[in-house]
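Inspection log for the structure reproduced underneath, given as structure tokens.
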Amino acid sequence: MAERDNRRGKGRDRDETPEFADRLVAINRVSKTVKGGKRFGFAALVVVGDQKGRVGFGKGKAKEVPEAIRKATEQAKRQMIRVQLKEGRTLHHDMNGRHGAGKVIMRSAPEGTGIIAGGPMRAVFEMLGIKDVVSKSIGTQNPYNMIRATIDGLKKEQSPRAVAQRRGKKVADILPKREEAPVAASETAEA
């Protein structure tokens, strides 16, 4: 009987592989007024991602901090979205996101730029696996609304392949043509 329980435990561990990284963005002490006074608890905001194009956020409340973080992490794993990344490091195009008074602007960036973003937005980009992005938050500093606005913007992300498929064209027809004249000029100068 002990062996059977042991096998079940191993199966559970296999299902919960640590493929997701998580980041605690905010923790607040909240109170509920009851007949005898106030009851204090904690609210946690967590961002979870696989750093390969999937990200989600969740919030949890409990009387103890670890339990609130656990609840938030579970909710974040259930609400994950997939975002197509350009070269696995940046966004395909510039976009805006909005939630309530929170507005965010996200722009793709050349290699080596890094993540230029405020606290909650930085957590989303790091968990998503973006390495180069320039972003700006306007209108609010509330971390909940900033994260929701960032996720709203990321949902609008479209890869050239998806756009080409929707229009019934080839990817090469949609992307701008690259100029190869300077390369040819430098090759002739060397010869």
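Which far-off residues, 5 or more places away or on another chain, put their amide H under 5 Å from the one on Val25, with H placed in the peptide plane?
Amide H to amide H, under 5 Å and 5 or more residues apart or across chains, Val25 pairs with Leu45, Val46, Val47.
So what does the Cα-only Debye profile of the stretch 42-152 read at q = 0.15 Å⁻¹, as log10 I(q)/I(0), no solvent term?
-0.61
Heads up, I need the accessible area for Asp152: 1.4 angstrom probe, whole protein in place, Å², nearest 10.
50
Please turn the phi angles of the stretch 100-110 into ³J(HN,Hα) values with the Karplus equation 6.51 cos²θ - 1.76 cosθ + 1.60 (θ = phi - 60°), one per residue in order, whole Hz, x for glycine and proline.
x, 7, x, 10, 10, 10, 10, 10, 5, 9, x
Expected output is a single nm value to one decimal: the length gained when fully extending between Lys136 and Ile105, i.e. 0.36 nm times separation in residues minus the C-alpha distance. What is it?
Full extension of this stretch gives 10.6 nm more.
Given the Cα-Cα distance of Lys38 and Ala62 and 0.36 nm per residue of separation, how much length would full extension add, in nm?
Full extension from Lys38 to Ala62 adds 7.2 nm.
Residue by residue through the stretch 21-29, what is 3J(HN,Hα) from phi via Karplus (6.51 cos²θ - 1.76 cosθ + 1.60, θ = phi - 60°)? Round to whole Hz and write x for glycine and proline.
9, 10, 9, 7, 8, 8, 9, 10, 8
Please give the length that would be gained between Glu87 and Arg29 if that part of the chain were fully extended, namely 0.36 nm times their separation in residues minus their C-alpha to C-alpha distance (nm, one decimal).
Computed gain between Glu87 and Arg29 is 16.8 nm.
Using modelled backbone amide H atoms (1.01 Å from N, in-plane), which distant-in-sequence or interchain residues come within less than 5 Å of His92's amide H?
Lys86
How large a share of the accessible area of the stretch 131-177, in percent, is made up of carbon and sulfur atoms when the probe is 1.4 Å and the other protein chains stay in place?
Looking at the stretch 131-177 in its full context, I get 50 percent from C and S.
Please turn the phi angles of the stretch 38-50 into ³J(HN,Hα) values with the Karplus equation 6.51 cos²θ - 1.76 cosθ + 1.60 (θ = phi - 60°), one per residue in order, whole Hz, x for glycine and proline.
10, 10, 9, x, 9, 10, 10, 10, 10, 10, 10, x, 9
The values are calculated or read from the model by the stated rules, or taken from the named source; none is laboratory data. Quantities reported herein were computed from a predicted structural model and do not represent experimental measurements. Heavy atoms of the whole protein, side chains included, go into the accessibility calculation; ligands, DNA and RNA do not. Shrake-Rupley method; radii C 1.70, N 1.55, O 1.52, S 1.80 Å.
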